[in-house]
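The structure appears right after this line, and notes come after that.
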Amino acid sequence: MCLLAALSVSALAGYAHAETGHDLWLRYVPVEDSALRASYRRSVSSVVIQRDSPTGRAIVAELRRGLLGLLGTSPPVSQRIASDGAVLIGTPANSPVIAGLGWAKPLARAGDEGFLIRSTTVGKHAVTVIASQSDRGTLYGVFHLLRLVQTGKPLAPLAVEERPRLALRLLDHWDNLDGTIERGYAGPSLWNWAELPGRVDPRIEDYARANASIGINGAVLNNVNANAQSLTSSYLDKTAALAQVLRPYGIRVYLSANFNAPRALGGLPTADPLDPAVARWWRDKATEIYRLIPDFGGFLVKANSEGQPGPQDYGRTHADGANVLADAVAPHGGIVMWRAFVYSAEVDVDRVKRAYLEFVPLDGRFRDNVMVQVKNGPLDFQPREPFSPLFGEMPRTPLMAELQITQEYLGQATHLVYLAPMWKELLDADTYVAGPGSTVAKVLDGSLHGYRRTGIAGVANTGRDVNWTGHDFGQANWYAYGRLAWNPDLSATGIADEWIGMTWGHAPDVTSTIRSMMLGSRETYVDYTMPLGLHHLIGGDHYAPMPENADPRRADWSAIYYHRADAWGIGFDRTIRGSNAVGQYRSPLRERWNDPATCPETLLLWFHRLPWDYRLASGVTLWDALVRHYTKGADGARLMEFRWTTLRGKVDDERYEAVLGKLRQQAADAAAWRNKTLRYFQQFSQRPLPGQLPKD
Ligand code: GCW
């Protein structure tokens, strides 16, 4: 009997089938501890919900799936509380019981997307209430409850009050209409444009569930290098079909707009944003879109950047460009996200200064439904950069951060690099804009400047691979991005622990091994690729080391423009005697970073050009420090592979082998990075190489 019960639990929950990674962190495998499982069953013995909305139905479906997997039984769903252990889910509007709880104040505090989960009594029954002002909020609350079970937390007594710190929590997909993905490493696009709108791949609903489970509430469907065709009626129909599936999960769709669309699609002679016919074209287009997609989020625009059209083609500013689109979507409640990733068509003396120079003077000139979207660093998603100096310097323009989940410069879908520590470095960075404590997180959440709108975007790492992200550990970055977008104060460790528990299980050695692999992985990657503030030592597809890269097309696409190695030394002088990029930061950062003695070593060669024999605080020379970092990084990659092998038989074989294959490649690549880069720099430094570097 007992055995049978146990068997059915595991069969139902999916132990019977191989783990492909498709289920992400929503695997819902049985809670192993039987006492805990029994206590969960008591706490969730029935579900009481009004389910006459698409979101309500999604909630019921998720709870059924989740609890059946986790507890081996799916509690009955009813409309009234009949016993202890009921979970009551709803809003004051759809549940008279919730309306009668007197929770108006905390519900208002939690806002539209926030929620409360409380253990309480209704009538004479002990219940758990998941309440929000909106359906979306209750959906987030349900995922929170499921996460508590998935991570082995007690369900009583509960007093959870959650609200997202950032209002827009978006994924930006750089997906092209032909199914390819720019910087995508996990197969073709999830959007199957050819079969849309007639058929929507059922997988889209799983995508929506995964996103809702971490609070992501918007998706920009197409590449910022935008094809104007995505705004044609036929593509809008396809987009509307996707929106329909995402909507119950609280996810709005957005589109990247090609600034030239009025010419390309509308046959106008110009796309000048100040031309009335152009403004009319955008207004009409917006009306057409909102007829099909009433909750359309708005446009994302890459303009006058890397050859994309933009307002400067007509002698207009970024603000003029953003405003014409903003005026078009404003009557419908839409927004425009205007990217600040710009660099001059003529190569600048120092490319990293460009965005600040172009955008800071425009502060206050954007419509109030425009947000400017700023990459984390001033260059381009390098393994380590200082924060972009734009953060904090546009008090009258809401700034969104753009993070890159897809690991373009961080080993793509081959290297295990957990990105949360890197994103925390950004979010916790102090800009000093309004004195100490003016962190980037406070810029983004609006508390520093009172932004009315707040948000963050992450360039997605998803594709049609079975496990979504190519590398099973790429899932952690998708997960961590969503969690940090919800609450930038969460810790990288805490997020890793949640993800590991849900994705790999709870065995202590599994957890601790994976945790330490993940937490060290970003610094290890920096060490074997670009330590001490080095950057852009790549070429080609941005994967392999190419410090010799002298791209003939543009100096600032090369590597030598950035590292400037010669017989004297190495690094980019961005001090006041150099490009003075350091001058774009506030005191005391600019003074601290301007002096190599006080500049953090992690950013040393970002801001300084120094002789090979320059002595670091530790007393070692710059050359020796480089050798140490590269060596440590390559050793660290090997160690990760070794640590993983200790988990053989402790996690499922299929994912174990897949990850092992990737880690082997990573260790080999890390050695290649060390060997190639040190040999290359050694030609200039003429200092000794460590022992005998093997040939790659
Ligand atoms: O990181 C670089 C990428 C380009 C990308 C560009 C951008 C979408 O190499 O592929 O184009 O930045 O962010 O616009």
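May I ask you to list the residues in segment 554-598 that are out of contact with any helix residue (DSSP H, G or I) (no Cβ under 7 Å at 6 or more places or on another chain), part of a loop (DSSP other than H, G, I, E, B) and among the charged types (D, E, K, R)?
Arg554, Arg564, Asp573, Arg577, Arg586, Asp595
Looking at the structure I just gave you, is Pro386 touching a residue at least 24 places away in the same chain (Cβ under 8 Å), away from the ligand (no atom under 16 Å from the Cβ) and assigned to a loop (DSSP other than H, G, I, E, B)?
When the stated conditions are applied, Pro386 passes them.
Cβ-Cβ below 7 Å, separation at least six or inter-chain, first residue in segment 302-315 and within 12 Å of Glu346 (Cα to Cα), second basic (Lys, Arg) and within 11 Å of the ligand (Cβ to nearest atom): which pairs?
Ser305/Arg339
What single numbered condition from (1) outside the structural domain of Thr414 (by TED's automatic domain parsing); (2) of a type in the set (S, T, N, Q); (3) more than 25 Å from the chain's Cα centre (by Cα) fails to hold for Gln150?
Every listed condition holds for Gln150 apart from (3).
Hey, can you tell me all the residues within segment 288-320 that are in a loop (DSSP other than H, G, I, E, B) and either farther than 20 Å from Thr270 by Cβ or among the polar types (S, T, N, Q) (or both)?
Of everything in segment 288-320, those that are in a loop (DSSP other than H, G, I, E, B) and either farther than 20 Å from Thr270 by Cβ or among the polar types (S, T, N, Q) (or both) turn out to be Ile293, Pro294, Asp295, Phe296, Gly297, Asn304, Ser305, Glu306, Gln308, Thr317.
Considering only segment 90-172, give the strands (runs of 3 or more DSSP E) lying wholly within it that have at least 2 residues that are closer than 25 Å to Lys442 by Cα.
115-122, 159-162, 168-172
For segment 281-311, what are the residues that are within 16 Å of the ligand (Cβ to nearest atom) and either more than 15 Å from Ala228 (Cβ to Cβ) or at pLDDT 95 or above (or both)?
Phe299, Leu300, Val301, Lys302, Ala303, Asn304, Ser305, Glu306, Gln308, Pro309, Gly310 - these are the residues of segment 281-311 that are within 16 Å of the ligand (Cβ to nearest atom) and either more than 15 Å from Ala228 (Cβ to Cβ) or at pLDDT 95 or above (or both).
From Val329, Val352, grab the single residue that is away from the ligand (no atom under 16 Å from the Cβ), surrounded by 21 or more Cβ atoms within 10 Å (Cβ to Cβ), of a type outside the set (Lys, Arg) and part of a helix (DSSP H, G or I).
None of the other options fit; the residue is Val329.
Can you pull out the residues in segment 56-114 that are under 29 Å from the mean Cα position of the chain (by Cα), on the phi > 0 side of the Ramachandran plot and crowded, with 18+ Cβ neighbours inside 10 Å?
none
Going through segment 662-696 one residue at a time, which ones are among the hydrophobic types (A, V, I, L, M, F, W, C) and in a loop (DSSP other than H, G, I, E, B)?
Of everything in segment 662-696, those that are among the hydrophobic types (A, V, I, L, M, F, W, C) and in a loop (DSSP other than H, G, I, E, B) turn out to be Leu689, Leu693.
Can you name the residue in segment 501-540 that is free of Cβ contacts under 8 Å to residues at least 60 places away in the same chain and hydroxyl-bearing (Ser, Thr, Tyr) and, of all such residues, is surrounded by the fewest Cβ atoms within 10 Å (Cβ to Cβ)?
My answer is Ser512.
Among the residues of segment 173-215 satisfying the criterion of being touching a strand residue (DSSP E or B) at 6+ places or on another chain (Cβ under 6 Å) and not in a loop (DSSP other than H, G, I, E, B), which is nearest to Asp237 (Cα to Cα)?
Asp175
Cβ contacts < 9 Å: first residue without any contact (Cβ under 8 Å) to a residue 40 or more places away in the chain, restricted to segment 265-284; second residue in a helix (DSSP H, G or I) and among the polar types (S, T, N, Q), any location; separation 6+ or different chain. Result?
Cβ pairs passing all conditions: Leu265/Gln229.
Test Phe341 against the criterion of being among the aromatic types (Phe, Trp, Tyr), surrounded by fewer than 24 Cβ atoms within 10 Å (Cβ to Cβ) and assigned to a loop (DSSP other than H, G, I, E, B), and give yes or no.
yes
Out of Gly458, Gly437, Gly450, Gly411, report the one residue that is outside the structural domain of Gly633 (by TED's automatic domain parsing) and more than 26 Å from Pro164 (Cβ to Cβ).
Gly411
What about Gly250, is it over 19 Å from Gly334 (Cβ atoms), more than 16 Å from the ligand (Cβ to nearest atom) and not β-branched (Val, Ile, Thr)?
No: the conditions fail for Gly250.
So for segment 247-261 (the condition being more than 29 Å from Glu498 (Cα to Cα) and assigned to a helix (DSSP H, G or I)), does at least one residue qualify?
Within segment 247-261, one or more residues are more than 29 Å from Glu498 (Cα to Cα) and assigned to a helix (DSSP H, G or I).
Residue-wise test of (1) closer than 23 Å to His471 by Cβ; (2) surrounded by fewer than 17 Cβ atoms within 10 Å (Cβ to Cβ).
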site: Phe607; (1), (2): no, no
site: Arg615; (1), (2): no, yes
site: Leu626; (1), (2): no, no
site: Phe642; (1), (2): yes, yes
site: Pro688; (1), (2): no, yes
site: Gly691; (1), (2): no, yes
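Here's a check for you: in segment 414-459, which residue that is among the basic types (Lys, Arg) and not in a loop (DSSP other than H, G, I, E, B) is farthest from Ala496 (Cα to Cα)?
Once the filter is applied, the top-ranked residue is Lys442.
Out of the residues in segment 199-214 meeting the condition of being touching a residue at least 12 places away in the same chain (Cβ under 8 Å) and farther than 30 Å from Gly111 by Cα, tell me which one is farthest from the ligand (Cβ to nearest atom).
The selected residue is Val200.
Any idea how many residues of segment 133-156 are closer than 12 Å to Met502 by Cα and polar (S, T, N, Q)?
Counting residues in segment 133-156 that are closer than 12 Å to Met502 by Cα and polar (S, T, N, Q) gives 2.
Among (1) more than 16 Å from the ligand (Cβ to nearest atom); (2) under 26 Å from Leu300 (Cα atoms); (3) surrounded by fewer than 23 Cβ atoms within 10 Å (Cβ to Cβ), which single condition is Leu177 missing?
Result: Leu177 passes all but (1).
Give segment 460-500 a look and list any residue that's part of a helix (DSSP H, G or I) and without any contact (Cβ under 8 Å) to a residue 40 or more places away in the chain, or say none.
Hits for segment 460-500 are Thr493, Gly494, Ile500.
Which members of segment 389-413 meet the condition of being within 15 Å of the ligand (Cβ to nearest atom) and outside any loop (DSSP other than H, G, I, E, B)?
Scanning segment 389-413 gives Met400, Ala401, Glu402, Leu403, Gln404.
The values are calculated or read from the model by the stated rules, or taken from the named source; none is laboratory data. As the structure is a prediction and not an experimental result, all values here were calculated from the model. Heads up, the Cβs are rebuilt from the backbone with ideal geometry, glycines too, and the neighbour counts pull from every protein chain shown.
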